[in-house]
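The values are calculated or read from the model by the stated rules, or taken from the named source; none is laboratory data. The model shown is predicted, which means the values in this text are computed figures rather than measured ones. Reconstructed Cβ throughout: ideal geometry from the backbone, glycine too, with neighbour counts over all protein chains shown.
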4 protein chains.
Amino acid sequence: MERLPVAIIGASGYTGAELIRILLEHPRVRLTGLYARKHAGEKVADDFPQLAGRVDGEYLHYSADHVARNSKVAFLALPHGESVPTAKELIARGLLVLDLSADFRLKSAEVYAQWYGAHAAPELLSEARYALVERHRHAFRDARLVAVPGCYPTATLLALAPLLDAKLISHEGIVVDAKSGVTGAGRTPTQGVHFSEIGEGIRGYKIAEHRHTPEIEQELSLACGREVRLTFTPHLVPMSRGILATCYATPTDGTRTRAHYLDALRAAYAKEPFVSVTERAPDTTHVRGSNRVHVSVFVDARAGKVIAVGAIDNLVKGAAGQAVQCLNAIAGWPETEGLGGTAIFP
Amino acid sequence: MERLPVAIIGASGYTGAELIRILLEHPRVRLTGLYARKHAGEKVADDFPQLAGRVDGEYLHYSADHVARNSKVAFLALPHGESVPTAKELIARGLLVLDLSADFRLKSAEVYAQWYGAHAAPELLSEARYALVERHRHAFRDARLVAVPGCYPTATLLALAPLLDAKLISHEGIVVDAKSGVTGAGRTPTQGVHFSEIGEGIRGYKIAEHRHTPEIEQELSLACGREVRLTFTPHLVPMSRGILATCYATPTDGTRTRAHYLDALRAAYAKEPFVSVTERAPDTTHVRGSNRVHVSVFVDARAGKVIAVGAIDNLVKGAAGQAVQCLNAIAGWPETEGLGGTAIFP
Amino acid sequence: MERLPVAIIGASGYTGAELIRILLEHPRVRLTGLYARKHAGEKVADDFPQLAGRVDGEYLHYSADHVARNSKVAFLALPHGESVPTAKELIARGLLVLDLSADFRLKSAEVYAQWYGAHAAPELLSEARYALVERHRHAFRDARLVAVPGCYPTATLLALAPLLDAKLISHEGIVVDAKSGVTGAGRTPTQGVHFSEIGEGIRGYKIAEHRHTPEIEQELSLACGREVRLTFTPHLVPMSRGILATCYATPTDGTRTRAHYLDALRAAYAKEPFVSVTERAPDTTHVRGSNRVHVSVFVDARAGKVIAVGAIDNLVKGAAGQAVQCLNAIAGWPETEGLGGTAIFP
Amino acid sequence: MERLPVAIIGASGYTGAELIRILLEHPRVRLTGLYARKHAGEKVADDFPQLAGRVDGEYLHYSADHVARNSKVAFLALPHGESVPTAKELIARGLLVLDLSADFRLKSAEVYAQWYGAHAAPELLSEARYALVERHRHAFRDARLVAVPGCYPTATLLALAPLLDAKLISHEGIVVDAKSGVTGAGRTPTQGVHFSEIGEGIRGYKIAEHRHTPEIEQELSLACGREVRLTFTPHLVPMSRGILATCYATPTDGTRTRAHYLDALRAAYAKEPFVSVTERAPDTTHVRGSNRVHVSVFVDARAGKVIAVGAIDNLVKGAAGQAVQCLNAIAGWPETEGLGGTAIFP
């Protein structure tokens, strides 16, 4: 079997490293190039010592032509804004582009502008397909440009959307309180991610203004056919990996028991290879290092709330793993190809 | 100046140890006895090596008469249920009792019964004074039995109550998403607090059924004169100390800006020695090891929510420090006596 | 290709869980049974939630006959002492036994007795083959009973032994200062592994009396043909996984430069699939979750010391991964089969 | 009582923050100014939010004249090299200078040059007094310029020196394997202290070339009257604070038991207010946030080694606390003044 040649653009960040880790083991692809602008020419294993003995070469200097000569698929693990021109020129050269940034996730250029400023290529927004695989499996098979969902939206949507689909919760008044490991803040060293300042405490950040909010709203609005406005608060937790989304919603019928909601999740995910509906409270520890998702739901009958909880590894199901799952789906391979591993616990 | 003789009953837990730490430095008290049932006879510094060179003696076997002979004040750091008989017999002997358990925090025996089972001495519930000092300073000065607030309620109430007092938020639909360090789970080793199972992940627990819920509801109901029912979800975070309460409420007037809410907090705490209203998101790291409280408030105008956030050290302001602050208030000493220290950061 | 049927005896500990994780992905084996005494009858995924959606069944009640009916290979992940009778009866039934305990690692019943008490089946000690694959690859191919090396010895021996082989360091005066993640202490919850007591500090333990000492001495003695006596001090570090062994030795020729020692390591490991000789100081973070080994060596010319450093994941190369590597070697499969993955970093 | 006016030069680092924390509570001093070059003009509590409600002002722009007008004592918490000119001009203005950098710790300008490059004011080296209080209490009372010991040397010397004083160990072949919390690396954010890269692993650094080596050697040489050359290896541990020094030495008489060595430590520290000799292995958790020191010693009779272990908080006894202890000693105050607190455990 000939392996599919794939490139990673922006390989020197944490998402890039995770793509390398996964794709090195993927039985149907071949890594053709690791591109990194600032680090071009540097030995990959010097930058990422975990790759010693695994990756011998250097980061390559990116050019669209260079990528196009060697690869048929490009994963973009670039900072916000940098994906637009890159995607554009790679698509033009016939590559399948899987973008892990936020550049193509919003369908509305207007909403995009409110959160990020004017979009540099709004015409691509309709071209791009948002690909939370469990929900859009049949809608992006023919895509040239895939918008891989954000980490917070993935954890949130997988917990909440089936309840909204089934009209078990109201589309109004939803609150999402999310907790992320520190890799979510990226690889650039800053005061805020210095071990001494985050290693033994917890804090919220970008409260009421995090850019993943419109992405969650867009997808939940699609689920219920009404415009969803919700509050989203992310927190930084002293752990490397993991996202826990604790989502509060109002039940449409306050008399339903927990079993009813659990059943809705179970029905939604009965055939999903990566999602487990658990009775116990999801714990990021139990999905770490894997593409797996743990979701559960609780009922607070006293206060009239439904609490849906999702746990993922932000770098796997929240980024690199989901991107590979997208590729598997598009290529017609089993979705678990190269992604079968169990979480690293403990 | 003669020092006030005080005893700690239940000294071998984390709250007990924190009381020892604080009271050893308190300039107006004298520690007369460290009582611990199971550990009686054991050298304190063998059980708590941080006390080597600081505490020479052994845990004492508890008897009410023994305590009464040596002490005028007793701090009870006992498990739920054990405080009732202890408090009863110590009050009868004329001691001032500061109880750090949940035994006397609820005013209603009926509500208590719903969450804990029948109360063993309901007649004491009216005797006890709930003492969140910033809110009840003038209401427990003559108490014989003080119910020191729980850790979660302290962080939550200090963030939310002034907004409810000022009628800035609705009493309906409040959601409290709280995050605690692992000391909050107590000293008994269990699977759930094994480093390997909690050290690098986060999870919720007792979702929609944590016993601090009615305590928070009781106090918020008092603040607004209406019955408050809210949803409270605690989480365990891989850090030793700290509680962060992220509280979501609906504004009574959606046009108010953040400054309006911040001003309400600043007005409430203008003269408080321990509370700081911060513009940045409160971080448990910045209060660790101190009796200090950081609160802030954010507005999500889009989604119509006010987000109030409180950060404390669960063992200090959430337990031992607050208990000492209560004693200071009752004794007529400066409230900061023995509690003046800055947080240990980093 | 028919898969080899293998069983895990003692599946409910951390080593058992790691064997499950690895063997589930191994393309040439089939997990036939997960045996656990105390937990027999319990759903595996209730005990290890990371296995939700991956392992459906229950822990089985162990009997040698039951194992023998279904399996050809048994991995024993049992506490010290329990492997002896189990191995004995499984060998008698024709199984290949890979034992991950310390029961069969020492060749001398006398030395065993000094550290553990009398051995229950000394006749098996000569039957057992100690299998640090990189060193004994050709010596255990026909074994029926394999003693999988301990975690500390693996990290230590891989760093030190090639230097002793090459007579670059003296066999006298060696000091090994080792640091382990908390999973090394096992799954039983104790005060010492409570997050609150180990999560933000470091301490040594079993100083000068840890039972891995004679195992290291035995193997280094074999390397140099002289009796090695060394000092071994383990420490517990607030991390789940990883062992770092910092090994101090005296050079036989004080004029050699670092390059000389690095070359010796590189020569020893030139063809090893799992070992990387690094210039930078090895870091457990870079091998976590993988069977990989990072070793390096430094020279302190001023003080006349050579410092060899090894880093492994204690649960993989220090336990389950190495056991599978042994099986691969015995079965004649590529040693990396099922073990190819890169470390989970960050 | 009039308080002594003291200034902190370099207040915006971790050591500066720790000096602020301690000096704010010190009953005999008054903080007159917090100087910070880059941060001058910035609100202190914006930079260090733990000081909200505690410190209202801004960092001051440093000038020697400004300091001299307001203060009699200056603590220098400056990077290596910057203390020399600062100390020089402050001494010239009659201030007592306590320097926490490495600029004045070595007595020999020649040794200094080997490790740091040429000293900018070698004439001050004889002026400066090295002040590990427990060892030099009577030698720096009249100093104008105090060199506060380094963090690693403090932990190492307090564990080892009494054994060398008592001629119980040889001065040859000493190995010091030290482990530090991440605050030891300073406040500047770098890749190496990014939570994601150090938060769940351990690594050595500057192996055989750390600049604290000559400081330890200088002091041990003084203890035994012979030139000591030793190997020193520091490691970075995922914790904020703490240093554990595990020190290996050869006994001068191999027949002595552990009690003999413990007695030597106990004799040395019988009257010391901050040092506890423990039977259990010292643990940084038990000294965290305090000026306390835990030391112990173990014997490996088999291998002929004595293992002395010291634990301190690197920011307190290893920096700010020790500096204040020096001031207390010079001022003739009780050494524990302002430093009496127990460790923050857990």
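D:ILE312 - would you say it is in contact with a Cys (Cβ under 9 Å, 6 or more places away or on another chain), farther than 18 Å from D:LEU98 by Cα and either away from every other protein chain (no Cβ under 11 Å) or among the hydrophobic types (A, V, I, L, M, F, W, C) (or both)?
Judged against the criteria, D:ILE312 is a match.
Do we find that D:ILE207 is among the hydrophobic types (A, V, I, L, M, F, W, C), at pLDDT 95 or above and in a helix (DSSP H, G or I) in this structure? First the steps, then the outcome.
On the way: among the hydrophobic types (A, V, I, L, M, F, W, C): yes; at pLDDT 95 or above: yes; in a helix (DSSP H, G or I): no.
Spelling it out, it is not the case that D:ILE207 is among the hydrophobic types (A, V, I, L, M, F, W, C), at pLDDT 95 or above and in a helix (DSSP H, G or I).
Among the residues of the range A:163-174, is any in contact with a helix residue (DSSP H, G or I) (Cβ under 9 Å, 6 or more places away or on another chain), surrounded by fewer than 24 Cβ atoms within 10 Å (Cβ to Cβ) and without any contact (Cβ under 8 Å) to a residue 24 or more places away in the chain?
Among the residues of the range A:163-174, not one is in contact with a helix residue (DSSP H, G or I) (Cβ under 9 Å, 6 or more places away or on another chain), surrounded by fewer than 24 Cβ atoms within 10 Å (Cβ to Cβ) and without any contact (Cβ under 8 Å) to a residue 24 or more places away in the chain, which makes the answer no.
Mind checking which residues of the range D:235-255 are within 10 Å of chain C (Cβ to nearest Cβ) and either part of a loop (DSSP other than H, G, I, E, B) or at pLDDT below 95 (or both)?
The answer is D:VAL237, D:PRO238, D:MET239, D:SER240, D:ARG241, D:GLY242, D:THR250.
Select from the range B:12-53 the residues that are in contact (Cβ under 8 Å) with a residue 40 or more places away in the chain and part of a loop (DSSP other than H, G, I, E, B) and list them in ascending order.
Correct list: B:SER12, B:GLY13, B:HIS26, B:PRO27, B:ARG28.
Against the condition surrounded by fewer than 20 Cβ atoms within 10 Å (Cβ to Cβ) and of a type in the set (Val, Ile, Thr), how does D:VAL111 come out, does it pass?
yes
With respect to the numbered conditions (1) of a type outside the set (Val, Ile, Thr); (2) under 28 Å from D:GLY181 (Cβ atoms); (3) touching a helix residue (DSSP H, G or I) at 6+ places or on another chain (Cβ under 9 Å); (4) not in a loop (DSSP other than H, G, I, E, B), which one is the sole condition not fulfilled by C:PRO189?
(4)
Which of the residues spanning the range C:147-185 are outside any helix (DSSP H, G or I) and within 18 Å of C:GLY321 (Cβ to Cβ)?
C:ALA147, C:VAL148, C:PRO149, C:GLY150, C:SER180, C:GLY181
Test C:LEU262 against the criterion of being surrounded by fewer than 22 Cβ atoms within 10 Å (Cβ to Cβ), within 29 Å of C:GLY340 (Cβ to Cβ) and touching a residue at least 12 places away in the same chain (Cβ under 8 Å), and give yes or no. Before you say what the answer is, go through the steps one by one.
Values: surrounded by fewer than 22 Cβ atoms within 10 Å (Cβ to Cβ): yes; within 29 Å of C:GLY340 (Cβ to Cβ): yes; touching a residue at least 12 places away in the same chain (Cβ under 8 Å): yes.
Criteria met by C:LEU262.
Among the numbered criteria (1) free of Cβ contacts under 8 Å to residues at least 60 places away in the same chain; (2) crowded, with 22+ Cβ neighbours inside 10 Å; (3) within 13 Å of chain D (Cβ to nearest Cβ), which one does C:GLY304 miss?
Result: C:GLY304 fails condition (2) only.
Applying the selection to the range B:104-146, what residues are hydroxyl-bearing (Ser, Thr, Tyr) and in a helix (DSSP H, G or I)?
Residues satisfying the conditions are B:TYR112, B:TYR116, B:SER126.
Please determine whether any residue of the range A:100-113 is under 28 Å from C:PRO27 (Cβ atoms), modelled with pLDDT of 95 or more and not acidic (Asp, Glu).
Among the residues of the range A:100-113, not one is under 28 Å from C:PRO27 (Cβ atoms), modelled with pLDDT of 95 or more and not acidic (Asp, Glu), which makes the answer no.
Step by step: first the residues of the range A:262-290, then only those that are within 12 Å of another protein chain (Cβ to nearest Cβ) and assigned to a helix (DSSP H, G or I), then the one that is nearest to the chain's Cα centre (by Cα). Which residue is that?
Out of the qualifying residues, it is A:THR284.
Among the residues of the range D:223-234 satisfying the criterion of being at the interface with another protein chain (Cβ under 7 Å from one of its Cβ atoms) and in a strand (DSSP E or B), which is farthest from D:GLY173 (Cα to Cα)?
Restricting to residues being at the interface with another protein chain (Cβ under 7 Å from one of its Cβ atoms) and in a strand (DSSP E or B), the top hit is D:THR233.
When the range B:299-317 is examined, which residues are found to be outside any loop (DSSP other than H, G, I, E, B) and among the hydrophobic types (A, V, I, L, M, F, W, C)?
Across the range B:299-317, the qualifying residues are B:VAL299, B:VAL306, B:ILE307, B:ALA308, B:VAL309, B:ALA311, B:ILE312, B:VAL316.
Sort out which residues of the range B:156-180 are within 8 Å of chain A (Cβ to nearest Cβ) and in contact with a His (Cβ under 8 Å, 6 or more places away or on another chain), and write them in order of number.
Listed by number, the residues that qualify are B:ASP177, B:LYS179.
Looking at the range C:194-217, is at least one residue among the aliphatic types (A, V, I, L, M), more than 24 Å from C:SER296 (Cα to Cα) and in contact with an Asp or Glu (Cβ under 7 Å, 6 or more places away or on another chain)?
yes
Could you list, in sequence order, all residues of the range D:150-178 that are under 19 Å from D:ASP283 (Cβ atoms) and among the polar types (S, T, N, Q)?
Those that are under 19 Å from D:ASP283 (Cβ atoms) and among the polar types (S, T, N, Q): D:THR154, D:THR156.
What are the residues in the range D:9-56 that are crowded, with 23+ Cβ neighbours inside 10 Å, away from chain B (no Cβ under 14 Å) and hydrophobic (A, V, I, L, M, F, W, C), if any?
Hits for the range D:9-56 are D:ILE9, D:VAL29, D:ALA36.
Inspect all residues belonging to the range B:332-346 and state whether any of them is surrounded by fewer than 24 Cβ atoms within 10 Å (Cβ to Cβ), at the interface with another protein chain (Cβ under 8 Å from one of its Cβ atoms) and over 30 Å from D:ALA319 (Cβ atoms).
Looking for residues that are surrounded by fewer than 24 Cβ atoms within 10 Å (Cβ to Cβ), at the interface with another protein chain (Cβ under 8 Å from one of its Cβ atoms) and over 30 Å from D:ALA319 (Cβ atoms), one finds none in the range B:332-346, hence no.
Look at the range A:291-301 and say how many of its residues are surrounded by 16 or more Cβ atoms within 10 Å (Cβ to Cβ), out of contact with any His (no Cβ under 7 Å at 6 or more places or on another chain) and at the interface with another protein chain (Cβ under 10 Å from one of its Cβ atoms). Even if it seems obvious, please write down each step before you answer.
Step one: list which residues in the range A:291-301 are surrounded by 16 or more Cβ atoms within 10 Å (Cβ to Cβ), which gives A:291-300.
Among the residues that remain, those that are also out of contact with any His (no Cβ under 7 Å at 6 or more places or on another chain) are: A:291-293, A:295-300.
Going one step further and asking which of them are at the interface with another protein chain (Cβ under 10 Å from one of its Cβ atoms), we end up with A:292-293, A:296-300.
Counting residues in the range A:291-301 that are surrounded by 16 or more Cβ atoms within 10 Å (Cβ to Cβ), out of contact with any His (no Cβ under 7 Å at 6 or more places or on another chain) and at the interface with another protein chain (Cβ under 10 Å from one of its Cβ atoms) gives 7.
Tell me which residues, restricted to the range C:230-254, are among the aliphatic types (A, V, I, L, M) and within 19 Å of the chain's Cα centre (by Cα). Spell out how you get there, then give the answer.
Step one: of the range C:230-254, the residues among the aliphatic types (A, V, I, L, M) are C:230, C:236-237, C:239, C:243-245, C:249.
Once the filter is applied, which keeps residues that are among the aliphatic types (A, V, I, L, M) and within 19 Å of the chain's Cα centre (by Cα), the range C:230-254 yields C:LEU236, C:VAL237, C:MET239, C:ILE243, C:LEU244, C:ALA245.
One residue is enough: does the range C:270-279 have a residue meeting the conditions free of Cβ contacts under 8 Å to residues at least 12 places away in the same chain, touching a helix residue (DSSP H, G or I) at 6+ places or on another chain (Cβ under 7 Å) and either within 30 Å of A:GLY181 (Cα to Cα) or buried (at least 22 other Cβ atoms within 10 Å of the Cβ) (or both)?
The answer is no, given that none of the residues of the range C:270-279 is free of Cβ contacts under 8 Å to residues at least 12 places away in the same chain, touching a helix residue (DSSP H, G or I) at 6+ places or on another chain (Cβ under 7 Å) and either within 30 Å of A:GLY181 (Cα to Cα) or buried (at least 22 other Cβ atoms within 10 Å of the Cβ) (or both).
I'd like the full set of residues that are touching a residue at least 60 places away in the same chain (Cβ under 8 Å) and either more than 9 Å from chain B (Cβ to nearest Cβ) or more than 15 Å from the chain's Cα centre (by Cα) (or both), limited to the range A:181-222.
Listed by number, the residues that qualify are A:THR183, A:GLY184, A:GLY186, A:ARG187, A:ARG211, A:HIS212, A:PRO214, A:GLU215, A:ILE216, A:GLN218, A:GLU219, A:LEU220.
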